[in-house]
Structures are given as C-alpha cells and as structure tokens.
Amino acid sequence: MKITRGIYKRKNIVVAPGVRPVLERVREACFNMVRDIVPDAAVLDLFAGSGALGLEALSCGAKTCLFIDNSKSALDAVTANIEALGVFSAAKTAYGDAFEKIKELSLRKYSFDLVFLDPPYGRDSLSGVLQRLVEYDIVCPFGFLVGFCAAYEDIADKYGDFSQIANKKYGQTRVLIYEKGDLSGNL
C-alpha cells in the first residue's frame, strides 16, 4: 500500500494482518474533498489500522496526528510507518478503545481540526462514535469529521453540532464528511 499524495507520495506503508485499510482510490478521492482542510491541521486518526489516513494527512501538510487503535499489531504497523516516513515529531500513537480515548482526550482538553473515523463496518460503530464525539467536545469549532462505513449503512445527516456536507459512495465504501457548526464549507 502506498501514500497517494503530498511529500511522501508513492512511499510504501505496511498493514498489520487482519486490518482492512481504506483503498488507495477511496483515500485519494477523500483527500480531494478535504485538501483545503488538511494543511496545518491537528488530526486525529481513530481506528487507525495502518495509519494510512493520518499519514496521508501528514504527507499533505497536517501539523500533527494522533493515531488511536485497540490492536497492538495495528499500532506496531503505524509505528513502523511513522519511523519509515520519519514523522516522529508530528505523530503520536495511543493504544485503547476509541470510545474511552475520546472521553480521555476531552478531559485532557485536546482539540482537533480534522478527525478520521474508520471503524469496523456493519456494527453501527460509525454512528456510535459520532454520538460520542457530540458528547465529548474534542473537535474545534468549524472542524471536520471524515467517516467511512459500508455503503449499505444508514448514517444520519446530523449529529449535535455536526452537519453532513458530503456523502459519496465508492464501491462497497461510503465516505461521509461532517462540519461542526456553520455549513459554509460545503464540499
């Protein structure tokens, strides 16, 4: 698997066994939609898997990225990818359950401009984590959420202050983008 754009374009990244990474063509389409949001952003990559989404963001100029996953092997792959790209100063990893980590980040007053959500498909995980992000305020005003789910999943257009501004289907995957607050950033 490779980074699709930015300063690390065409660099290989490793994927842990059992991880379902976002396909390169879907990631590329996603980053076409958020290209103006990424530069200098503080990014959170929840359900990080290989870290492809957060690494792609760093490649495109994000300031920082925190990678969270509840799989040790996935975080080992993310760490290997961080080392291979040499992005130590901009990237951090954390092991644990996404729902608990959201609460912890809120208590520690973290705030992110852009959050990637790529939970396991078909278990209402995306809607659950969207609800959790409404409950615990870790997204900056006018920040963005980018969620991935199975194309057949029914996900609401609005969660608290988050309003859906993009909903695109790519084969078996649906990409949803939400903006917090004002809808001026329609994509």
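All of the numbers you see were taken from the coordinates with simple rules; none came from a lab. These figures come from a predicted structure and were not determined experimentally. Glycine gets a Cβ as well: all are built from the backbone with ideal geometry, and neighbour counts include every protein chain shown.
Run down GLY143, GLY171, GLY147, GLY128 and say which single residue is on the phi > 0 side of the Ramachandran plot and not β-branched (Val, Ile, Thr).
Step by step, each of GLY143, GLY171, GLY147, GLY128 is checked, and only GLY171 is on the phi > 0 side of the Ramachandran plot and not β-branched (Val, Ile, Thr).
Return a yes/no flag: does the range 26-34 have any residue that is of a type outside the set (D, E, K, R) and in a strand (DSSP E or B).
Among the residues of the range 26-34, not one is of a type outside the set (D, E, K, R) and in a strand (DSSP E or B), which makes the answer no.
Taking the range 91-136 as the search range and keeping residues that are part of a strand (DSSP E or B) and β-branched (Val, Ile, Thr), which one is farthest from SER50 (Cα to Cα)?
VAL115
Do you know which residues across the range 61-73 are part of a helix (DSSP H, G or I), touching a strand residue (DSSP E or B) at 6+ places or on another chain (Cβ under 9 Å) and in contact (Cβ under 8 Å) with a residue 40 or more places away in the chain?
None; the set is empty.
Kindly evaluate VAL146 against the criterion of being farther than 20 Å from LYS63 by Cα and under 16 Å from the mean Cα position of the chain (by Cα).
no
Within the range 63-90, take every residue that is more than 18 Å from the chain's Cα centre (by Cα) and of a type in the set (S, T, N, Q) and give me the one that is surrounded by the fewest Cβ atoms within 10 Å (Cβ to Cβ).
SER89
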